[in-house]
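Peer 1: Dumping the structure here so I can ask a few things about it.
The values are calculated or read from the model by the stated rules, or taken from the named source; none is laboratory data. Keep in mind that this is a model prediction, so the values were computed, not measured. Cβ: placed from backbone, ideal geometry, glycine included. Neighbour counts: every protein chain shown. Surface areas here come from the heavy atoms of the whole protein model, side chains and all, with no ligands, DNA or RNA. Shrake-Rupley method; radii C 1.70, N 1.55, O 1.52, S 1.80 Å.
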Amino acid sequence: MIGILFTACALATVPGTVELALLTASAARATPPRGPRPPVDGSSLRIVIPAHDEEHGIDATLEHVLARLPSGMSPREVLVVADNCTDATAAVARRHGVRVIERQVSKSRGKGHALNEAFTQLLQHDPGAERFLVLDADARLGPSAIDELLSAFDQGAAAVQASYRVADPDLDARSGLLNLAWLCFNHLRPLGRQRLGLSVGILGNGFGLTRDVLVAVPYRAGSVVEDLEYHLRLVEAGFAVRFVPTARVLAAAAPTAGAERTQRVRWEGGRLRMLIDHLPRLVGQVLRGKKYFVEPALELALLPLALHGTLLALGIASGGLGSMVAGVGLAVLALHVLAGAFLAGRGSRDLLALAHAPAHVARKLALLPAIVRGSARTTSWKRTDRAA
């Protein structure tokens, strides 16, 4: 009986293993990015920053973002959405000369609702706004990030995604592990999808949309993983997001264990909800011959790497077919992590974080009950505390 259970664990990882193998191999064949692009006119760009109770961090973020504005942009092209705030976020933002929307709708809290409000107002009242870049309230930009994203728009991209990275990967063990995970999730996999001609996904921070996209597919995504929800709608509508690997957007890792727990439960509970709600429909689309839904279905079926690896480890003990499947899966997982470190990061320096992986996996497994509860449709968005 135990052998059958362990074999089932191994077989459950097969879609995820296929996804990792496909994207890792594809990313390894990707063409290196070209050199820096010349500055471009940013007059049609609007930067949207949703913020909930960010009075202690929004000041530094706006100072940084305004210093990175390209030619043709002024602070009035930056819009902060103070969403259901109970602090002075709006007042702090106004001191920088940016536009501010104050939104107080307690029944629809969260980033997706805030973005929908911002896009709706900009589309209706700002005819010069043709492109929109979304940044988190703690985001930092690489020196040429905005120019690189604008250049991608100029080349015809309907939607773009920057390489989203950890700001200080050497700060502590938590930052090091998150950095390695993000190198794989936020850079290597989008790079692989780009090489295959697929939509690369939306990562929540550092993504951009055109007016045409927002008119065709309004940002009505109210789940706790609104970026994943909206991307699925884009794919269904026939749009693709282009990856811009040379444009970097950075954010700090969750500063405390409690903040990390909040973030993980929201991210992974939300992904589980998306899997339950959307995977059967995506599989149905594939069975009807719509091949471009294959990769989004595989991506949804891929479990978080800590759980994926745990199931593979259990599968090794099953014997027979389960052991073979698990052995191949572990080899693919190892190659994927190595590729993330060497193709997207700093090589062996980033791999040092794996020394803390066993403790990380144990914490993730302990979170499973909370993640399952967090997948409920009634789960509300909860802010990650950025204060250490």
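Peer 1: For the list (1) assigned to a helix (DSSP H, G or I); (2) over 24 Å from the mean Cα position of the chain (by Cα); (3) more than 22 Å from A359 (Cβ to Cβ), I need the number of the one condition that A339 fails.
Peer 2: A339 satisfies every listed condition except (2).
Peer 1: Out of region 170-190, which residues are modelled with pLDDT of 95 or more and either assigned to a loop (DSSP other than H, G, I, E, B) or in contact with a Ser or Thr (Cβ under 8 Å, 6 or more places away or on another chain) (or both)?
Peer 2: N186, H187, L188, P190
Peer 1: A follow-up question, please. If you check L279, L365, which single one turns out to be over 26 Å from V200 (Cβ atoms) and in a helix (DSSP H, G or I)?
Peer 2: L365
Peer 1: If you take the residues in region 246-262 that are more than 20 Å from T61 (Cα to Cα) and open to solvent by 30 Å² or more (accessible area, probe 1.4 Å), which one is modelled with the highest pLDDT?
Peer 2: So in region 246-262, the residues more than 20 Å from T61 (Cα to Cα) come out as 246, 256-258, 260-262.
Cutting the leftovers down to open to solvent by 30 Å² or more (accessible area, probe 1.4 Å) gives us 246, 256-258, 261-262.
Details: T246: 94, T256: 78, A257: 77, G258: 82, R261: 83, T262: 84.
Only one residue fits best here, namely T246.
Peer 1: Can you pull out every residue in region 273-302 that is under 23 Å from I371 (Cα atoms) and exposed (fewer than 15 other Cβ atoms within 10 Å of the Cβ)?
Peer 2: I276, P280, R281
Peer 1: I need the full set of residues from region 88-103 which are in a loop (DSSP other than H, G, I, E, B), of a type outside the set (A, V, I, L, M, F, W, C) and surrounded by 15 or more Cβ atoms within 10 Å (Cβ to Cβ), in order please.
Peer 2: H96
Peer 1: To continue, here is another question. Looking only at region 214-226, how many residues end up being buried (at least 22 other Cβ atoms within 10 Å of the Cβ) and under 16 Å from F132 (Cα atoms)?
Peer 2: Adding up the residues that qualify gives 1.
Peer 1: What are the pairs, 6+ residues apart or on separate chains, where a residue within region 340-360 that is over 18 Å from L307 (Cβ atoms) and of a type in the set (D, E) has its Cβ under 7 Å from a residue that is open to solvent by 80 Å² or more (accessible area, probe 1.4 Å) and assigned to a helix (DSSP H, G or I)?
Peer 2: So the pair list comes out empty.
Peer 1: Do you know which residues across region 315-347 are within 23 Å of T246 (Cβ to Cβ) and open to solvent by 50 Å² or more (accessible area, probe 1.4 Å)?
Peer 2: If the condition is that a residue be within 23 Å of T246 (Cβ to Cβ) and open to solvent by 50 Å² or more (accessible area, probe 1.4 Å), then L338, F342, L343, R346 are the ones that fit.
Peer 1: For region 145-181, what are the residues that are small (G, A, S) and under 25 Å from A118 (Cα atoms)?
Peer 2: Across region 145-181, the qualifying residues are A145, S151, A152, G156, A157, A158, A159, A162, S163.
Peer 1: Give region 9-63 a look and list any residue that's of a type in the set (D, E, K, R), closer than 30 Å to K111 by Cβ and open to solvent by 30 Å² or more (accessible area, probe 1.4 Å), or say none.
Peer 2: Within region 9-63, R37, D41, D53, E55, D59, E63 qualify.
Peer 1: Among D136, D168, which is in contact (Cβ under 8 Å) with a residue 40 or more places away in the chain, in contact with a Pro (Cβ under 9 Å, 6 or more places away or on another chain) and either outside the structural domain of L303 (by the TED database) or open to solvent by less than 10 Å² (accessible area, probe 1.4 Å) (or both)? Let's see the steps before the verdict.
Peer 2: Details: D168 fails: in contact with a Pro (Cβ under 9 Å, 6 or more places away or on another chain).
Going through D136, D168 in turn, just one is in contact (Cβ under 8 Å) with a residue 40 or more places away in the chain, in contact with a Pro (Cβ under 9 Å, 6 or more places away or on another chain) and either outside the structural domain of L303 (by the TED database) or open to solvent by less than 10 Å² (accessible area, probe 1.4 Å) (or both): D136.
Peer 1: I'm trying to understand the selection: among the residues of region 1-20, which are among the β-branched types (V, I, T) and either within 11 Å of S323 (Cα to Cα) or touching a Cys at 6+ places or on another chain (Cβ under 8 Å) (or both)?
Peer 2: Matches in region 1-20: T7 only.
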